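Here is the structure we will look at.
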Amino acid sequence: MKVHEEDVVLRLQQVTKKAGKQVIVDQLSFDVRKGEIVGLLGPNGAGKTTTIRMIVGLIGMTGGDVLIKGHSIRSSFAKAISHVGAIVENPEFYPYMTGWDNLKQYQRMTIGITEERIKQVVEIVGLSEAMGKKVRSYSLGMRQRLGIAQALLHSPSILILDEPTNGLDPSGIREMRDYLKQIAQKEEIAILVSSHLLSEMEMMCSRVVVIQQGKFVHQQLIGAQQQGQEQTAANDIRIRVRELEKAEQVVRGLDGVQLVQLDTAASELEVSCNDEALALCVEELCRQQIGVYRIVEVKRSLEDEFLAWTGGSRIV
Amino acid sequence: MSSFANLVVNEWFKLTKKRSFFVAFFIMLLMPLGIAFVMKNFMTDMELTQIGFLQSIIDFSGGGSVFVFLCMIYAASIVSGEHQLGTIKLLLIRAHSRSKILASKLVALLLFMLVLLLYSLLVGLLVYFIFFGFGNLDGSWFEVVKASAYTLVYTIVYLSIIFMLSILTKSTGATIGITFCIIFLEGVMTMLLSRYDFAKYVLFFNTNLQVYENGTPPMEGMSLGFSVAVIAIYLIAIVGIAFYVFKKRDVA
Ligand SMILES: Nc1ncnc2c1ncn2[C@@H]1O[C@H](COP(=O)(O)OP(=O)(O)O)[C@@H](O)[C@H]1O
Ligand SMILES: [Mg+2]
């Protein structure tokens, strides 16, 4: 992956938060670039909300700095925050006002937001029908969407959402995921989402940053990016054949192909090799008329890897 | 419109879009009606002038205490309400400094106070006309202005204290509770401390500017100017603390 410095929208530099003696966030550093959906992943109490609060300047930091489009949230708050749209924890609004009046509040806080823009973001999150209703009567899902609308109003460069799917039912979670992907495309912005749910991050993000007890643990590309990167790396492949013993001999005789295991019941062998070696392997199997039934890549789930990174502490 | 004016508009809507907003205006209608009713039916021997009627409505040691009370109730939630709703988070992540946000709240509050005062005077006048006709125009309007000014000074002192408490406690209930304790203690303290000379530097000895009307100051060395100066210094300190805490605070 090529790194363009000018694409960095959000940069955390050694961000630290202490409360008394307790270190809640410990020298956390990572970047978020334009067009990325980055997941901030960690178990409950890992410090995700605290990190997000520091990014948006709601709480001070003990050390380090946060740069948004190059502006420090500490020393030039107004400039830095003007590029941010966020929901911190739950999306909370004035319940006695309508959805529209709530959005008008935030419109008045930024010069140059037109009524057309309000209508546009309301359209994006699919709330047009509910704009005239008091927020008191909104469901959590609707408030989440109003929260996103609020965050998008001023066309920010980065959208920051703290556990946006918390409390939503499965269909709501799915909707949220679709909105975010759509927004990332339509609005061409970076998105940082926190979650304690790995499976969710896997479906939504292009990269996850894993933290545990306030510390950076690992970061990992997901999906298409991940595959692109690993073209030359070894993959685990399962091959089902008609004649298992003959196949085993072929595989053992090939350079660059490692036999991982034999599954006689399924008549399968699992090998580890890169793309080129696999091509050779398949050619050889065919030449010897061993009969190849199917070739499947074995995906190690992110969850398995996650357990490896965090030394076994579970997040599901 | 300037960005600060927009913030004040926002705060104004937050006050007025609540259903409870009209309660204050309703009460400030009932109060003069009640006074007029009693005056008309049970105190027929008293000659009541327009001016006198308005004074009785607005004077903070009389009917005006209701006005002060109403302003206090509205002030108590202006910052803590945002904490309790959780809306403070969305409010503070805009491109405005916290001082500016807080100043807009203070301005909206003072605006509310002035609107309620003007409304009360107007309603008082109407009620008087309805009950007593256009009869008695004796007396100077300056008396009404003075009574209003004394009430405003007294109200502003309390509003600033409540404003600070609302920020410190982040709780509307606690703010109102503590304020009532202060009001209660104010009377007791005034009695207990009046023997000591330093008492004249205590805020609550100075909040009633009316006492200078009849010549003799409550304590030696006190004057209208002295009291105004003491009030100003306290106000600056109280509002200063409010802004300082609000600016530095971690919003969780
Ligand atoms: N103001 C605070 N004082 C002391 N501890 C705190 C404070 N805020 C958060 N914590 C602690 O910091 C840890 C991280 O909290 P949080 O950021 O909310 O985690 P997450 O959002 O990842 O679940 C928790 O253990 C929490 O108890
Ligand atoms: Mg959290």
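The values are calculated or read from the model by the stated rules, or taken from the named source; none is laboratory data. All of these numbers come straight from a predicted model, not from anything done at the bench. Cβ placement follows ideal geometry from the backbone for every residue including glycine, while neighbour counts extend to all protein chains displayed.
Structure notes:
- From the list B:THR49, B:THR16, B:THR44, the one residue that fits, being within 14 Å of chain A (Cβ to nearest Cβ) and polar (S, T, N, Q), is B:THR16.
- Complete set of residues in the stretch A:18-51 that are more than 8 Å from ligand 1 (Cβ to nearest atom) and among the β-branched types (Val, Ile, Thr): A:VAL23, A:VAL32, A:ILE37, A:VAL38
- Qualifying residue in the stretch A:68-88 (condition: of a type in the set (D, E, K, R), away from every other protein chain (no Cβ under 14 Å) and not in a loop (DSSP other than H, G, I, E, B)): no
- Among residues of the stretch A:43-61 that are touching a residue at least 60 places away in the same chain (Cβ under 8 Å) and assigned to a loop (DSSP other than H, G, I, E, B), those with a Cβ under 8 angstrom from a residue that is within 10 Å of ligand 2 (Cβ to nearest atom) and aliphatic (A, V, I, L, M), sequence gap 6+ or separate chain, pair up as A:VAL56/A:VAL88.
- Taking the conditions (1) without any contact (Cβ under 8 Å) to a residue 60 or more places away in the chain; (2) closer than 20 Å to B:ARG98 by Cα; (3) away from ligand 1 (no atom under 16 Å from the Cβ) in turn, A:HIS83 satisfies each one other than (1).
- Conditions (1) among the aliphatic types (A, V, I, L, M); (2) touching a helix residue (DSSP H, G or I) at 6+ places or on another chain (Cβ under 6 Å); (3) facing another protein chain (nearest Cβ under 7 Å): number failed by A:ILE113: (3)
- Applying a threshold of 9 Å to beta carbon distances and a minimum spacing of six or more residues, or different chains, the list of pairs starting in the stretch A:273-299 at a residue that is among the aromatic types (Phe, Trp, Tyr) and ending at one that is at pLDDT 90 or above reads A:TYR293/A:ILE239; A:TYR293/A:ARG240; A:TYR293/A:VAL241; A:TYR293/A:ARG242; A:TYR293/A:SER267; A:TYR293/A:GLU268.
- Note on the stretch A:140-173: among residues that are of a type in the set (Gly, Ala, Ser) and more than 16 Å from ligand 2 (Cβ to nearest atom), the one that is nearest to the other protein chains (Cβ to nearest Cβ) is A:ALA151.
- Among the residues making up the stretch A:24-42, those that are more than 16 Å from ligand 2 (Cβ to nearest atom), in contact (Cβ under 8 Å) with a residue 40 or more places away in the chain and of a type outside the set (A, V, I, L, M) are A:ASP26, A:GLN27, A:SER29, A:PHE30, A:ARG33, A:LYS34, A:GLY35, A:GLU36.
- Among the candidates A:TYR106, A:TYR96, residue that is over 29 Å from the mean Cα position of the chain (by Cα) and in contact (Cβ under 8 Å) with a residue 40 or more places away in the chain: A:TYR96
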